[in-house]
Structure formats: structure tokens, C-alpha cells
1. Among the numbered conditions (1) loosely packed, with under 15 Cβ neighbours inside 10 Å; (2) modelled with pLDDT of 95 or more, tell me where LEU94 comes up short.
2. Can you find even one residue in the stretch 64-77 that is of a type in the set (Asp, Glu) and within 22 Å of ALA16 (Cα to Cα)?
Amino acid sequence: MISTHILDTHLGLPAAGVKVSLEKQSGDTWSPVADGITNEDGRIVYDCPNNEGVYRLSFQIEDYYEKNQQEYFFLSVPVVFKITDTKRKYHVPLLLNPYGYTTYRGS
């Protein structure tokens, strides 16, 4: 299982309504795995197999800031990570503010 959530640390609230694409690397190209939109709690759980490989979550945050009429600097956030243990869950949170972001491997 691959999942994510976004917390808007500027507002102290989950970031709902953000499109996040999940892709898997194949050679020099990226193949789509799944797309999702964060729910009211800022979360997405992707219904996809846990296969070994390199993956990318692309958080499309520009529309989120436009919708909330906030100034911002970053347009999107790509997060690239590697799955090696197919028996565990992979949760990749994003802590977001208009001028920066942080991510980590969650549980």
C-alpha cells in the first residue's frame, strides 16, 4: 500500500482537494500508476500493488493555493522514493507552507 497526506502548516489544517499523481520509473521514463485527490483529511490511499522499484508522487499544489487565494512560490512538489520491502506499507506525508515543504517516510 502506498499512501500520502498533506498538512498545510501555515494554516494548521489538512490540505484537501490537491491532485497527487503516483508514477513508477521504467528506465528513463515515468509510467502512471494512479491519480488521486486529497480528501477532507488531506489523505490519499492508492489502490495499487506494492512492487519493488522507484516511484514518484507529484503534488500539484498551485491550484490549492490559487483556490485559497494565498501567495505561494512552488508550483508542484515531486517526491521520488524507492520500494524495496514489498511486505510493508509506504506512507509519504507532505508538510506544506507557501514558501517551503518537508517530507519523510511515515508509518
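1. Going through (1) loosely packed, with under 15 Cβ neighbours inside 10 Å; (2) modelled with pLDDT of 95 or more one by one, LEU94 breaks only (1).
2. Within the stretch 64-77, the subset of a type in the set (Asp, Glu) is 66, 71.
Then drop every residue that is not within 22 Å of ALA16 (Cα to Cα), which leaves 66, 71.
Looking through the stretch 64-77, at least one residue is of a type in the set (Asp, Glu) and within 22 Å of ALA16 (Cα to Cα).
To keep it simple, each residue is scored yes or no on (1) at pLDDT 95 or above; (2) among the hydrophobic types (A, V, I, L, M, F, W, C); (3) not in a strand (DSSP E or B).
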residue: HIS10; (1), (2), (3): yes, no, yes
residue: ASN50; (1), (2), (3): no, no, yes
residue: GLN70; (1), (2), (3): no, no, yes
residue: VAL80; (1), (2), (3): yes, yes, no
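The values are calculated or read from the model by the stated rules, or taken from the named source; none is laboratory data. Fair warning: this is a prediction, and the values are worked out from it, not measured in the lab. Here Cβ is always computed from backbone atoms with ideal geometry, including for glycine, and neighbour counts include all displayed protein chains.
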